[in-house]
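The values are calculated or read from the model by the stated rules, or taken from the named source; none is laboratory data. Worth saying up front: this structure is predicted, and the values here are computed from it rather than measured. Note: ideal-geometry Cβ built from the backbone for every residue, glycine included; neighbour counts use all protein chains shown. What goes into the accessible areas is simple: the full protein's heavy atoms, side chains included, and nothing from ligands, DNA or RNA. Shrake-Rupley method; radii C 1.70, N 1.55, O 1.52, S 1.80 Å.
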Amino acid sequence: MKDPRFDQLAALLVEYSTQLRAGEHILLELCDTPDEMAVALIRAVRRAGACPHIRLTHSTVTREMLSGATDEQYEMIGEHSLDEMKDMDAYIAIRGAFNTFENSSVPAEKMKLAMKHLKPMQEQRVSHTKWCVLRWPTPSMAQQSSLSTEEFEEFYFRCCLMDFRKLLPAMQKLEDLMNAADRVHITGAGTDLHFSIKDIPAHLCAGEMNIPDGEVFTAPVRDSVNGVVSYTAPSIYQGIAFDGVRLRFENGKIVEARCNGRDKELNRILDTDPGARFIGEFALGVNPAVLQPMRDILFDEKIAGSFHFTPGQSYENASNGNHSQVHWDLVCIQRKDYGGGEIYFDDVLIRKDGLFLDPDLACLNPQP
């Protein structure tokens, strides 16, 4: 028997997140996701009067393709993918992973090659379609969260099916605060950062492009970042686990990068291209239901009481001029149980130990 939550999630993605309209074309890309969810999405798209296109992939097959990638092969794949995306009005991706570390054995040069050729398609998707990306609950993700499979599924659907509209007034006020701010100062255990966000637009995210959602993002003025940040959430990037990432900045550039046992791999990623050593996004996580890291960026970047400070590509609608193949949302949780910390906008304390001080923003604070 199909889980009724599949239909609820499909309706949310089609009707709310992408706001699909009659006559529009949408690409549905599902990896390691049950066929029943694909069927639910196709039916939801058709109910909206739109035209579904579907691509089903498997992480083990994708790993094999990446492992032997050639320029000739991925140049053609990139061209065809870009042409397809240009025909789309919307895009939904559900990315499951039976093994989170599936791509850890892919040679770094092969991953870089594939990313280079696929980047134009990704830029087309981000800038010119209505899109939403989410994960699929698998036993692998449950293990990362130290939960049983059933417990994690309950958490997943509770987060993904929450009413994001209830957070909108508070998120709008936070967006306004960020748009009015110039100088940002962040302190905490191993962190002392200074930078400017002046004249770079801030944007709230409430279920339109990610599920689960809950962040307000902008970007620092590219050359304004100085100081050091110690990220308190573990991360996985390109199939490799990173813990205790610490970055030091001078005039915007990452001049020192350390990670517990992974310095070489960390610096290899940051040397992908010149833009990888500059920050492309600064965002505050505000989803009150997401509290603990699980090595999954789409969840971890939304953690209430956190911020992410992202090496690499900036978004077109909050651009600081930084361009890169990399966009790595590294997360720092500032609640007391993670060492605490403060965020100041123009010398005014906005958030302390992960809690917003303004009562109008209280609904964005962690909820037990």
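Matching residues to (1) part of a helix (DSSP H, G or I); (2) under 28 Å from Asp273 (Cβ atoms); (3) of a type outside the set (Phe, Trp, Tyr); (4) in contact with a strand residue (DSSP E or B) (Cβ under 8 Å, 6 or more places away or on another chain):
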{"residue": "Val39", "(1), (2), (3), (4)": "yes, no, yes, no"}
{"residue": "Gln73", "(1), (2), (3), (4)": "yes, yes, yes, no"}
{"residue": "Met85", "(1), (2), (3), (4)": "yes, yes, yes, yes"}
{"residue": "Met88", "(1), (2), (3), (4)": "no, yes, yes, yes"}
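Got a number for residues in the stretch 234-248 being among the small types (Gly, Ala, Ser), touching a residue at least 60 places away in the same chain (Cβ under 8 Å) and either touching a Gly at 6+ places or on another chain (Cβ under 7 Å) or outside any strand (DSSP E or B) (or both)? Talk me through it step by step, then tell me what you get.
If we filter the stretch 234-248 for residues that are among the small types (Gly, Ala, Ser), which is where we start, we get 235, 239, 241, 244.
Next cut, touching a residue at least 60 places away in the same chain (Cβ under 8 Å) only: 235, 239, 241.
Imposing the further condition that a residue be either touching a Gly at 6+ places or on another chain (Cβ under 7 Å) or outside any strand (DSSP E or B) (or both) reduces the set to 239.
Final tally of qualifying residues: 1.
Would you be able to tell me the number of residues in the stretch 285-307 that are within 17 Å of Ile236 (Cα to Cα), assigned to a loop (DSSP other than H, G, I, E, B) and among the hydrophobic types (A, V, I, L, M, F, W, C)?
The qualifying residues number 1.
In the stretch 241-252, what residues are crowded, with 19+ Cβ neighbours inside 10 Å and either closer than 28 Å to Ser67 by Cα or touching a Cys at 6+ places or on another chain (Cβ under 8 Å) (or both)?
Selection gives Phe242, Val245.
Only one residue in Met178, Met209 is among the aliphatic types (A, V, I, L, M) and out of contact with any Cys (no Cβ under 7 Å at 6 or more places or on another chain), so which one is that? Can you show your working first?
Numbers: Met209 fails: out of contact with any Cys (no Cβ under 7 Å at 6 or more places or on another chain).
Within the list Met178, Met209, the selection yields Met178.
Among the numbered criteria (1) within 20 Å of Leu174 (Cα to Cα); (2) at pLDDT below 95, which single criterion is violated by Ala304?
With respect to (1) within 20 Å of Leu174 (Cα to Cα); (2) at pLDDT below 95, Ala304 is out only on (2).
Applying the selection to the stretch 309-368, what residues are surrounded by fewer than 19 Cβ atoms within 10 Å (Cβ to Cβ), among the charged types (D, E, K, R) and over 30 Å from Leu118 (Cβ atoms)?
Lys336, Asp337, Glu342, Asp346, Asp347, Lys352, Asp353, Asp358, Asp360
Any residue in the stretch 213-233 that is among the hydrophobic types (A, V, I, L, M, F, W, C), part of a strand (DSSP E or B) and more than 30 Å from Lys173 (Cα to Cα)? I'd like the intermediate steps shown before the answer.
Step one: filter the stretch 213-233 for residues among the hydrophobic types (A, V, I, L, M, F, W, C), giving 216-217, 219, 221, 225, 228-229, 233.
Within this subset, residues satisfying the condition of being part of a strand (DSSP E or B) are 216-217, 228-229.
The next check asks that each one be more than 30 Å from Lys173 (Cα to Cα); those that pass are none.
No: the stretch 213-233 contains no residue that is among the hydrophobic types (A, V, I, L, M, F, W, C), part of a strand (DSSP E or B) and more than 30 Å from Lys173 (Cα to Cα).
Can you tell me which residues in the stretch 15-37 are part of a loop (DSSP other than H, G, I, E, B), open to solvent by less than 20 Å² (accessible area, probe 1.4 Å) and closer than 24 Å to Arg165 by Cβ?
If the condition is that a residue be part of a loop (DSSP other than H, G, I, E, B), open to solvent by less than 20 Å² (accessible area, probe 1.4 Å) and closer than 24 Å to Arg165 by Cβ, then Thr18, Leu20 are the ones that fit.
Take Met171 and decide whether it is within 24 Å of His327 (Cβ to Cβ) and more than 16 Å from the chain's Cα centre (by Cα). Please lay out each step first, then the result.
On the way: within 24 Å of His327 (Cβ to Cβ): yes; more than 16 Å from the chain's Cα centre (by Cα): yes.
Yes.
Identify the residue in the stretch 54-99 that is open to solvent by 90 Å² or more (accessible area, probe 1.4 Å), free of Cβ contacts under 8 Å to residues at least 12 places away in the same chain and not charged (D, E, K, R) and, among all such residues, is farthest from His25 (Cα to Cα).
Step by step, filter the stretch 54-99, then rank; the result is Met76.
If you check every pair at least six apart or on different chains, which have Cβ atoms under 6 Å apart with a residue in the stretch 326-349 that is in a loop (DSSP other than H, G, I, E, B) first and a residue that is surrounded by 17 or more Cβ atoms within 10 Å (Cβ to Cβ) and of a type in the set (A, V, I, L, M) second?
Close Cβ pairs (under 6 Å, with a partner that is surrounded by 17 or more Cβ atoms within 10 Å (Cβ to Cβ) and of a type in the set (A, V, I, L, M)) amount to Val326/Ala276; Asp329/Ile297; Leu330/Val245; Asp346/Ala181.
Among the residues of the stretch 128-158 satisfying the criterion of being open to solvent by 40 Å² or more (accessible area, probe 1.4 Å) and closer than 30 Å to Tyr74 by Cα, which is nearest to the chain's Cα centre (by Cα)?
Quick first cut of the stretch 128-158, residues open to solvent by 40 Å² or more (accessible area, probe 1.4 Å) only: 128, 130, 135, 139, 143-144, 146-151, 153-154, 158.
From what is left, the residues that are closer than 30 Å to Tyr74 by Cα are 128, 130, 135.
Values: His128: 18, Lys130: 16, Arg135: 11 Å.
Only one residue fits best here, namely Arg135.
For Phe164, work out the one condition from (1) crowded, with 21+ Cβ neighbours inside 10 Å; (2) within 20 Å of Ala38 (Cα to Cα) it doesn't fulfil.
In the conditions (1) crowded, with 21+ Cβ neighbours inside 10 Å; (2) within 20 Å of Ala38 (Cα to Cα), Phe164 misses (2) alone.
I'd like the full set of residues that are assigned to a loop (DSSP other than H, G, I, E, B), touching a Ser or Thr at 6+ places or on another chain (Cβ under 8 Å) and farther than 24 Å from Asp163 by Cα, limited to the stretch 191-212. Reasoning before the result, please.
Residues of the stretch 191-212 assigned to a loop (DSSP other than H, G, I, E, B): 197-202, 206-209, 212.
Of the ones still in play, those that are also touching a Ser or Thr at 6+ places or on another chain (Cβ under 8 Å) are 197, 200-202, 207-209.
Listed by number, the residues that qualify are Ile197, Ile200, Pro201.
When both residues are 6+ apart or on different chains and their Cβ atoms are under 7 Å apart, which pairs have a first residue that lies in the stretch 253-265 and is within 15 Å of Phe309 (Cα to Cα) and open to solvent by less than 80 Å² (accessible area, probe 1.4 Å), and a second that is outside any strand (DSSP E or B) and basic (Lys, Arg)?
Ile254/Arg277
Six or more apart or on different chains, Cβ under 8 Å: which pairs go from a residue in the stretch 1-29 that's within 21 Å of Met209 (Cβ to Cβ) to one that's open to solvent by 30 Å² or more (accessible area, probe 1.4 Å) and hydroxyl-bearing (Ser, Thr, Tyr)? Could you list them?
The qualifying pairs are Glu29/Thr57.
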